[in-house]
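What follows is a short report on a single structure.
The values are calculated or read from the model by the stated rules, or taken from the named source; none is laboratory data. Just so you know, these numbers come straight off a predicted model, no measurement behind them. Ideal geometry is used to build each Cβ from the backbone, glycine not excepted, and the neighbour counts take in all protein chains shown. Protein only, heavy atoms only, side chains kept; ligands, DNA and RNA dropped before computing areas. Shrake-Rupley method; radii C 1.70, N 1.55, O 1.52, S 1.80 Å.
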Amino acid sequence: MIRVLVADDQALVRGSFRLLVDSAPDLTAVGEAADGIEALELARRERPDVVLMDIRMPRLDGIEATRELAADPALADVRVLVLTTFDLDDYAFAALRAGAAGFLLKDTRPAELLEAVRVVAAGQALLAPRVTRRLIEEYTRRPEPAGLPVSASLAGTTEREREVLSLVGLGLSNEEIAAHLHVSLSTAKTHIGRLLQKLAARDRAQLVIAAYESGLIRAGGSRVVR
């Protein structure tokens, strides 16, 4: 049974998500939080598998709550799925950097919401295609990163791993990466697993961020060959 905590400052939204979660035979809602502080308290007490986290909440917003949750070793197995309407993109990016496993749009269909919870609970990152496109579009509007060169910021990664990271950053799935590189799906997954370990990334969402912030992909969505 997948245990879900719902965090949103609107009681009607919380109640609706809770009813939907409880309607699935393999999911159960273990609590509702009206703000980030309450979400952290309930997460520490209930140890949910997934937290559906709204961004804008009183006392402590969803970004800071996610950051504190991700930094707590006792909550290492708790995954955060951010609820967003994409009206404030910078908040959404900050949530990913804070350790969120991915995005869930508030206008998603009920069946898709339930499947998203299952995907995140299984340890995968959730970046729906239109969400990934929005991330990429936002980055292409920004100046090129002024940080470390690729060779320094990705020290310890191989040329093939950097190629895989660039494809992740461009929004390709594991299957698409395997086809693009003419390798097996298991090989593509192995490369991604090594990238997660070497870059100390929690999930695929943070690999997307790393691909852009390292300079591996530049404005316009073009790959940088090293």
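Considering each residue of region 166-188, count those that are among the small types (Gly, Ala, Ser) and either modelled with pLDDT under 90 or under 18 Å from Leu199 (Cα atoms) (or both), and give that number.
Of the residues in region 166-188, 5 are among the small types (Gly, Ala, Ser) and either modelled with pLDDT under 90 or under 18 Å from Leu199 (Cα atoms) (or both).
Are any residues in region 68-101 open to solvent by less than 30 Å² (accessible area, probe 1.4 Å) and modelled with pLDDT under 80, and if so, which ones?
Thr84, Phe86, Asp89, Ala92, Phe93, Ala94, Ala95, Leu96
Checking the conditions here, which among Gly36, Gly62, Gly15 is surrounded by fewer than 17 Cβ atoms within 10 Å (Cβ to Cβ) and more than 18 Å from Ala201 (Cα to Cα)?
Answer to the check: Gly15.
Hey, among the residues in region 102-111 that are over 8 Å from the mean Cα position of the chain (by Cα) and of a type outside the set (A, V, I, L, M, F, W, C), which one's surrounded by the fewest Cβ atoms within 10 Å (Cβ to Cβ)?
Across region 102-111, the extreme among qualifying residues is Asp107.
Tell me which residues, restricted to region 179-217, are small (Gly, Ala, Ser) and either at positive phi or open to solvent by less than 50 Å² (accessible area, probe 1.4 Å) (or both).
Scanning region 179-217 gives Ala188, Gly193, Ala200, Ala201, Ala205, Ala210, Ala211, Ser214, Gly215.
What number of residues in region 18-30 are touching a Ser or Thr at 6+ places or on another chain (Cβ under 8 Å) and open to solvent by 40 Å² or more (accessible area, probe 1.4 Å)?
The qualifying residues number 1.
Please determine whether any residue of region 106-115 is modelled with pLDDT of 70 or more, closer than 25 Å to Gly193 by Cβ and either assigned to a helix (DSSP H, G or I) or in contact with a Ser or Thr (Cβ under 6 Å, 6 or more places away or on another chain) (or both).
Looking through region 106-115, at least one residue is modelled with pLDDT of 70 or more, closer than 25 Å to Gly193 by Cβ and either assigned to a helix (DSSP H, G or I) or in contact with a Ser or Thr (Cβ under 6 Å, 6 or more places away or on another chain) (or both).
For region 39-59, which positions are aliphatic (A, V, I, L, M) and either closer than 16 Å to Ala121 by Cα or open to solvent by 10 Å² or more (accessible area, probe 1.4 Å) (or both)?
Across region 39-59, the qualifying residues are Leu42, Ala43, Val50, Val51, Leu52, Met53, Ile55, Met57.
With respect to the numbered conditions (1) modelled with pLDDT of 55 or more; (2) assigned to a loop (DSSP other than H, G, I, E, B); (3) open to solvent by 50 Å² or more (accessible area, probe 1.4 Å), which one is the sole condition not fulfilled by Pro145?
Among (1) modelled with pLDDT of 55 or more; (2) assigned to a loop (DSSP other than H, G, I, E, B); (3) open to solvent by 50 Å² or more (accessible area, probe 1.4 Å), the lone unmet condition for Pro145 is (1).
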